[in-house]
Each structure stands twice: as C-alpha cells, then as structure tokens.
C-alpha cells in the first residue's frame, strides 16, 4: 500500500485530508509542522509528501530542500505543495521550491486525487524506478551518440 505523509499546520484541514486520502485506499500519516514532517519522512519513508508551503518553524520548501541536501537517499519521494497563495509557474509547479506539483487551497479533491495518482505513477512502485530507467536510457543514448560521432570522424 502506498504511503502518503500530510504536513499541514491547520488541524481541521490536516484531519480532513487524512480521512479523505485514507478513504482512497492509501496509508496516511500526518504532521503538524515541517520539523515533525522531517522526522516522519526519515522514520516512515512515505512515497509522497503532501505539504503546506507556509508553516511556522520550517516551511514546505525548507523541508524539501532539507531532504534534498541532507538526506539525498530521500530524494525519491514525490512532493506536492499546497497553499492558498503560492507563487507558481504557468504549469502549476513551484520550480524554485523543488516541487513535483502544486495544489491550490481550498482543495479540489478530484484534482488532488489525480495529482497524487500521477506522481505515484511517475515515481513508480519501486521508489524512483521510472526516473532511473529514463536516466539510464538517456545515458545509453549519450554513449551511443559519442560512439557514432567517433566513427564518423
């Protein structure tokens, strides 16, 4: 069963998200802050983190960057950020925040379910396997290009 961690400082929204996502068939845990979320990521190893952007002590982007910088082995966890007023690019992803996706508040639960399913497919059941395959194919093609280039000269 896929594991989803919700990091949200609003208690009512955190509870609603937890119950809804559990009803969709996922195993869910939640944290009320980025600090608690960081601990749960390391201990529980979720497949996806649904994280508020603006939280006291440690923001969502700070949490993501901490995982990317200090715990590189956790870089295979998908991060969806949520906020009522987040700076996003035209495709809805906060590129400067290392987000895999963005969910606007108030939450549209149909859109949220689609985004969660999409990220879990992208990241694959073998934890980042799909991206490793793409990277491997890219490396192979790069090597082939170099080989062909030397044959041509």
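General remarks:
- Estimated at 0.36 nm per residue, the fully extended path between residue 104 and residue 75 surpasses their Cα-Cα distance by 8.1 nm.
- In nm, spacing of pseudo-spin labels at residue 24 and residue 54 (7 Å Cα→C-beta vector): 2.4 nm
- Each of 103, 49, 35, 28 was scored by other Cβ atoms within 10 Å of its Cβ. Arranged with the fewest first, they read 35, 28, 103, 49.
- Label-point separation in nm, residue 113 to residue 39, each point 7 Å along Cα→Cβ: 3.3 nm
- Full-extension gain in nm, residue 84 to residue 68, via 0.36 nm per residue minus C-alpha separation: 3.3 nm
- Percentage relative contact order, the range 2-85, counting C-alpha pairs under 8 Å, at least six apart: 32 percent
- Order of 85, 75 - criterion: other Cβ atoms within 10 Å of each residue's Cβ, fewest first: 85, 75
Readers should treat all values here as calculations from the given coordinates under stated rules, not as data from a laboratory. Keep in mind it's a predicted model, so treat the numbers as computed, not measured. Cβ: placed from backbone, ideal geometry, glycine included. Neighbour counts: every protein chain shown.
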